[in-house]
Structure formats: structure tokens, C-alpha cells
Amino acid sequence: MSARRNSLIRSTSGAVAPTVALSLFALIAAGGIAFDYARMAGLDTELQNAADQAALAAATQLDGEDDARTRATNAVKNLIQNNARFANDGCGVAVGVGTSTSLPAGCDTAGTLRFYQDREKTALATSDADAKFVEVEVNKRTANFALTPIVQVFSSGGIKALAFAGVGQAICKQPPVMICNPDEPIGNENEHLPFNAVAGQGMRLVTGDASAPGNFGWLESNIVDDKDVNGSPALFAALSYDTPPGECQPIDGVTTKTGMVAAALSSFNTRFDVFANGNPTCPGKPGGTCSPSINTRKDLVCKSSGGASCNANANWTESSKPYRPQSANFLPTDKSEDPDIMGYPRDLVHAVPSSSTTPIMGDGSWDRDAYFRVNYNWTHAQWTAALSDSITRYELYKWEIAHQSVQVSTTPPDYKGINIPQSLSGNDTAFGKPATGRSGIDPTISPIDRRKLSVAVLNCEALEAKGKTKNVPVAMWLDIFLVEPSFVRKGSFGGKKNEIFTEDKEIYAEVISATNVSASSSGSQVVLRSVPYLIE
């Protein structure tokens, strides 16, 4: 017996049992915490999702019309059903906002809807008209713990969620182009400084320092192109296609694109029936259509053996006697200095080689008399009998579409207009209509006008919009008319030969008007889409 007793005394079997027994308390507590924390986290996610969806539903009703806030409230309380599966507080599965007759006593009803005039929440809405944003706070819910009470923690306490939303408007079907506000002074800090857009004024827009007034650049439209990390082919497509690829641009905040791809300007030229090196395909990614306008009036010529169209793969060049005024004045009425062909000319202040003092904006004064002498053989009295003496280039562009062949004399019958080729020496021919085998788009029939763009006007100095900047405020959206192709034009000036009159890194445009952002029809060139979005 003594040996058996001694063996029992020396035995170590079961030595860890006390340790395991003591540690089970902590292990069960840890497992309980993990289990109940997962329930609490799940409930928090459910409540936040409910708040997000409720805010988005409410925001869809904020159209500025009567009963907008009432409709928004009804959308939250009656139309949207959000459930919380992880709440076990006896208040049901539905996530509510505010009071409800179906809630048992003791359930939280402090959830609220608040309407604001501005994104910064500095002013509460006072009417349906100024209710632009909505904040939704859902009623608090509780997760009662199953295992954590072992360590004297019984519930999560009240968990709430809040969401803030508004309705964002976006412009679609437009190339992603921005310009720096020509009116922005040096040192400006006002991101919303307005631009005084005067119809008919010429605009000399150039590439370069993206923060300089009057310069232009690109907006980010998230076009993916695996072949070019810089996105250049995709950008070419966005600038040239009849229906630009990429995302719509928000009206109230855009993202500028890094870098200036000057070569992309050749994409704009497709609208004038001008394709780089006579290349018959669209620039950029394959698959798009790059139609010219039906009115391609310009100051360039191509070789034409038959006189009815350009020769295959022919390049566009300057004519032998182009429009090259020697001062910012009208040409003599005796035709002694008239060019052999003439597109829509620049404002007089921009018609001569530029200098450091050349303004960005013209004054809308251009040589109308010279244009009608060259293209219609009309005197001032003759053309003003049919048109306003202050007609803009865009108005003239539309008039010529409506009057493509105009009889200007009867003996012999003589016609002029964009439908009539102008033959020069050496088979050089000027065309006012597409002449490279492509069909032109008639803006009087189609919703698309290939020589009209809507661009974002940004206060670049205030925004320091160099490179890519997100959520940039837009001073306004502006409709502009493309006056001429981007092209290097040279000529004699001031006793010097080969002076540069225009460069291929600039765009010359004319102000039409502020963009009509209410043009929401799917058939419009500018399509407005309203989409609710979460802010927080």
C-alpha cells in the first residue's frame, strides 16, 4: 500500500486542470466579446446603410417645387423600408426616423430629418425652393449581448447613424474641356467669381500655364485606355467623337486632368472636316464616328482634281493669298487687300500676330464686309439688306446652313454659299461643306452641332488648378462656337516674312451664351442628368 500511495503522491496527471478551469472564464469572455462585437458592428452597418438610403431617397425629391420637403419626408418614412436584423431590443426590425405609432414604449424616436440650403450646413432651409440638401438621423437601436454579460457588459447602448445627401446635376454628351475665367484678376481668391459672357465676342484660348486666365485644359472623365498610360488616345476620342466617351461632368464640381496634351487639339479639327495628314480614320480609340458639321466654312484649301471633293488623303493647307491684315483694322473696300478665300475671321484685335498685350477677349468687331465681299461679292448695303449689321459668326454659320446656295446675280446666274466650291489656281479648292467623303451633321435636323461646345469656366488662380484637382467649383458653363481649325498660319507682317498669325496649340472661339442646363431632353446636345449623391 505504501508503494501505491507513494506513486499517487508522485503523479503529475491533471496538473493543468486548475489552470484550464481558471482560464475558461477568460476564454469564454473573449469569445463572447467577439460574438457580440460582430453583432454590434453588423447593427452599426445596417443603421448606416439605412441612413444612407433614406437620405438618398429624400434627396431625389428636392426639386425646388411645392411640397418638396413633404415628399422627401414621405419617401423616408413611407416609401423606403430598411431593416436591422442584428437589433434585438424589442423595437422590431424596421429602422425608423422619428415617431411611429407602431413602436413599443421605450423605443427611441429621436431620429430627425433636417433640410439645408447649402452643402456646408450653415443655413437651414426655409422653404421648398431653397431646400437643396437633407440630413437624416435614424432612431437609435440597441444590440443586447448574448455572451458578454459574463464580464458584466449587457448591451451596446443606443447606436445611431447619420447621412447627408443632395442632388447633383451633370452635363453629358460634351467633350471634357475647361477654360480659365478670362475675367479673373491676379490674386483672386473667389472660386465663384462670375464671368461676364457677351455673345459675339471672340476668345483666343491657348494652352500653357493652366492657371492663366483664358487658358484651357481638360477635365477628368475617367476614360480608360490600356494602351497609353497618359490617356492621350482616349482624350482624342473624347474631343473628336460625335458622342464623346467617358462620364458626365458634374455641374457643381469637376476634376481637372493632369497635363496638357497639345496634340489633342487636332481632334477638334475633325469638326471642320480636317483630319491629320489626310488620315481617313478618327483619332484616338477605334470604334467612334468623327463627323464634320454640314457647314465647314474655313480658310483652308485642299487639292481637288474634279472640283467636287478633295483628292484622296489630301492635306489641308493655306491658300496662296490668305487673310493676313497688316493692322487691327478693316480691309479696304476696294478689294485690293482681300484674300482669295475667307473663313469666319477673328475679331480685329486677334486678327494680327499676338503679343504680350493682346487681350484674351475680343470685342465682337470683325471684318464682316470683307467676308461678304470674298464669299458673296456683296457690298455692305447688299448684305445688311438681308442680315443684321452686327450679326455674330455663330448666327452667320446658322444662316449659311439655311441658305446653302444663294443666287447673287442673274446674268449669268451666279450662286454663292457653303454648297458652292471655290476653285483657285493649281487645283486648290475651298469647301464650305464636307469634302473628304464624310457626311456632315446638320444641326437643324440633328441635336448635335459639331461646331458648338459647352465648356466649364473655372477660376484657376483661386483654385490653383494646376494638374488634377478634385471637386473644383464651376463659375459657369459656357456655350462657345468654334470659329476656325487649330492651325499654324503664317504670313508677312510689319516688314517681316513668316510671322506667326495663329498656332496649332490654340483654339479660337466665339461666345454664344451661358449653357442652358435645363436642356434635359435626351435628344439635346447638352443633356442634364440629376442624380442624388451622398456627402457624408
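The set of residues from region 262-294 being assigned to a loop (DSSP other than H, G, I, E, B), of a type in the set (Ser, Thr, Tyr) and modelled with pLDDT of 80 or more comprises Thr289, Ser291.
Across region 401-430, which residue is surrounded by the most Cβ atoms within 10 Å (Cβ to Cβ) among those that are part of a helix (DSSP H, G or I) and of a type outside the set (A, V, I, L, M)? Outline the logic, then answer.
So in region 401-430, the residues part of a helix (DSSP H, G or I) come out as 401-402, 425-427.
If we keep only those that are of a type outside the set (A, V, I, L, M) too, we end up with 425-427.
On the way: Ser425: 8, Gly426: 9, Asn427: 15.
This residue is Asn427.
Quick one: how many residues across region 479-500 are assigned to a strand (DSSP E or B) and either hydrophobic (A, V, I, L, M, F, W, C) or touching a residue at least 60 places away in the same chain (Cβ under 8 Å) (or both)? Walk me through it before giving the result.
Filtering region 479-500 down to residues assigned to a strand (DSSP E or B) leaves 479-482, 489-493, 496-500.
Still in the list and also either hydrophobic (A, V, I, L, M, F, W, C) or touching a residue at least 60 places away in the same chain (Cβ under 8 Å) (or both): 480-482, 489-493, 499-500.
Looking only at that region, the number is 10.
Pairs meeting the criteria (first residue in region 131-151 and farther than 14 Å from Ala59 by Cα and part of a loop (DSSP other than H, G, I, E, B), second residue modelled with pLDDT under 65 and among the basic types (Lys, Arg), beta carbons under 9 Å, at least 6 apart or on different chains) are Ala143/Arg39; Phe145/Arg39; Ala146/Arg39. Residue check: is Val198 closer than 22 Å to Val531 by Cβ, modelled with pLDDT of 90 or more and touching a strand residue (DSSP E or B) at 6+ places or on another chain (Cβ under 7 Å)? The answer is no for Val198.
Mind checking which residues of region 387-415 are charged (D, E, K, R) and farther than 19 Å from Asn295 by Cα?
Answer for region 387-415, where residues must be charged (D, E, K, R) and farther than 19 Å from Asn295 by Cα: Asp389, Asp414.
The condition of being within 29 Å of the chain's Cα centre (by Cα), of a type outside the set (Val, Ile, Thr), within 30 Å of Val206 (Cα to Cα) and in a loop (DSSP other than H, G, I, E, B) holds for only one of Lys470, Lys433, that being Lys470. For region 436-467, the candidate set comprises residues that are assigned to a loop (DSSP other than H, G, I, E, B) and among the hydroxyl-bearing types (Ser, Thr, Tyr); within that set, the residue that is farthest from the chain's Cα centre (by Cα) is Thr436.
What pairs can you find where one residue is in region 438-458 and closer than 30 Å to Glu220 by Cβ, the other is among the aromatic types (Phe, Trp, Tyr), and their Cβ atoms are less than 7 Å apart, with a gap of 6+ or different chains? Between residues of region 438-458 that are closer than 30 Å to Glu220 by Cβ and residues that are among the aromatic types (Phe, Trp, Tyr), the close pairs are Arg451/Tyr397; Arg451/Phe481; Lys452/Phe481; Ser454/Trp477; Ala456/Trp477; Val457/Phe195. When we screen Lys398, Lys335 for residues that are in a loop (DSSP other than H, G, I, E, B), among the charged types (D, E, K, R), in the same structural domain as Asn196 (by TED's automatic domain parsing) and more than 17 Å from Tyr508 (Cα to Cα), the only hit is Lys335.
To keep it simple, each residue is scored yes or no on (1) touching a Cys at 6+ places or on another chain (Cβ under 8 Å); (2) of a type in the set (S, T, N, Q).
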position	(1), (2)
Ala435	yes, no
Gly440	no, no
Phe481	no, no
Lys490	no, no
Glu510	no, no
Asn516	no, yes
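Is it the case that some residue within region 337-347 is in contact (Cβ under 8 Å) with a residue 12 or more places away in the chain and under 30 Å from Val472 (Cβ atoms)? Yes, some residue in region 337-347 is in contact (Cβ under 8 Å) with a residue 12 or more places away in the chain and under 30 Å from Val472 (Cβ atoms).
Criterion first (within 37 Å of the chain's Cα centre (by Cα), among the acidic types (Asp, Glu) and not in a strand (DSSP E or B)) does Asp363 satisfy it? Criteria met by Asp363.
State whether the residues of region 478-496 include one that is among the polar types (S, T, N, Q) and closer than 17 Å to Pro292 by Cα. Before you say what the answer is, go through the steps one by one.
So the first thing to find is which residues in region 478-496 are among the polar types (S, T, N, Q), and the list is 486, 492.
Cutting the leftovers down to closer than 17 Å to Pro292 by Cα gives us 486.
Yes: one or more hits.
Scanning region 46-66 turns up no residue that is under 27 Å from Pro532 (Cα atoms), outside any helix (DSSP H, G or I) and at pLDDT below 65.
Would a scan of region 96-108 turn up a residue that is surrounded by fewer than 20 Cβ atoms within 10 Å (Cβ to Cβ), hydrophobic (A, V, I, L, M, F, W, C), at pLDDT below 80 and not in a loop (DSSP other than H, G, I, E, B)? No, that holds for no residue.
The values are calculated or read from the model by the stated rules, or taken from the named source; none is laboratory data. Here the structure is a predicted model, which is why all the values come from computation and not from measurement. Heads up, the Cβs are rebuilt from the backbone with ideal geometry, glycines too, and the neighbour counts pull from every protein chain shown.
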